[in-house]
1. Kindly evaluate N85 against the criterion of being touching a residue at least 24 places away in the same chain (Cβ under 8 Å), touching a Pro at 6+ places or on another chain (Cβ under 6 Å) and outside any strand (DSSP E or B).
2. Among the residues of segment 60-78, which ones are over 14 Å from the mean Cα position of the chain (by Cα) and outside any strand (DSSP E or B)?
3. I need the helices (runs of 4 or more DSSP H) fully contained in segment 112-182, keeping only those with at least 2 residues that are surrounded by 20 or more Cβ atoms within 10 Å (Cβ to Cβ) and in contact (Cβ under 8 Å) with a residue 40 or more places away in the chain.
4. Looking at (1) at pLDDT 95 or above; (2) out of contact with any strand residue (DSSP E or B) (no Cβ under 8 Å at 6 or more places or on another chain); (3) among the β-branched types (V, I, T), can you tell me which one T161 breaks?
5. Considering only segment 6-14, I want to know if a residue exists there that is surrounded by fewer than 19 Cβ atoms within 10 Å (Cβ to Cβ) and under 28 Å from T171 (Cα atoms).
6. Looking at D51, D36, which is the one that is under 18 Å from K140 (Cβ atoms), surrounded by fewer than 19 Cβ atoms within 10 Å (Cβ to Cβ) and at pLDDT 95 or above?
7. Report the residue count in segment 27-59 for those that are assigned to a helix (DSSP H, G or I) and farther than 14 Å from L75 by Cα.
8. In segment 77-91, which residue that is surrounded by fewer than 19 Cβ atoms within 10 Å (Cβ to Cβ) and touching a strand residue (DSSP E or B) at 6+ places or on another chain (Cβ under 8 Å) is farthest from L138 (Cα to Cα)?
Amino acid sequence: MELNEEKTDLFPEIRFHDFSENWQRQKLNDVTINLDKLRVPITKNRRRAGDTPYYGANGIQDYVTGFTHKGKLILIAEDGASDLNDYPIQLVTGKIWVNNHAHILAPKEQIAHHSFIGNSLKNVDIKSYLTGAGRAKLNKGALEKIALTMPSFSEQEKIGTLFEKINQVITVKKRKLELLHPFKVLPHQWLSRTLIDCN
């Protein structure tokens, strides 16, 4: 969203109709609930195969039986992030199992919208909050201090729903491209066969 620099980041130039209030700076701790205490890591040889996504720092690692969390949640790598410039943040829905390498945040009801918060976090420079010279870590204290610029909940809903629709379109397009990919090799196969036939 484009912002008017003269008015800092509290009054976007482009927004939905019927919204005119300034946005507010809010710490993550004030708008989400941290559910890290429910995390349960399980080694690969102790996991029971199932349908529940098993999440680590960088996304799904496996599928298991049972779950540690459920609902609309935001996962953000605590340590072991594969890319510090494109920091791993997952928006998840339903039943999941999370190990101890990812923080779990639940948006506070009627205060924070799942999709809005998740996509806003993806625009934060997480590197400035990390500690550790070797294996960089986003500790709980630093996570809670991250500040986001947020509108009212009703405006968050509008923006969050737009994000969801855009992501759905992107997902569908990606699937179509994946389905078309096998056909990409056909011309090469035909050409190879033609050359063989000519010989």
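1. On the way: touching a residue at least 24 places away in the same chain (Cβ under 8 Å): yes; touching a Pro at 6+ places or on another chain (Cβ under 6 Å): no; outside any strand (DSSP E or B): yes.
In short, no.
2. Hits for segment 60-78 are T65, G66, F67, T68.
3. 114-121, 153-180
4. Looking at each condition in turn, T161 falls short on (1).
5. Yes, some residue in segment 6-14 is surrounded by fewer than 19 Cβ atoms within 10 Å (Cβ to Cβ) and under 28 Å from T171 (Cα atoms).
6. Numbers: D51 fails: under 18 Å from K140 (Cβ atoms).
Matching residue, one of D51, D36: D36.
7. Step one: filter segment 27-59 for residues assigned to a helix (DSSP H, G or I), giving 28-31, 36-38, 44-46.
Within this subset, residues satisfying the condition of being farther than 14 Å from L75 by Cα are 29-31, 44-46.
Here the count works out to 6.
8. Going through the qualifying residues, I end up with G80.
The values are calculated or read from the model by the stated rules, or taken from the named source; none is laboratory data. Because the structure is predicted, anything quoted here is derived from the model rather than measured. We place every Cβ from the backbone using ideal geometry, glycine too, and count neighbours over all the protein chains shown.
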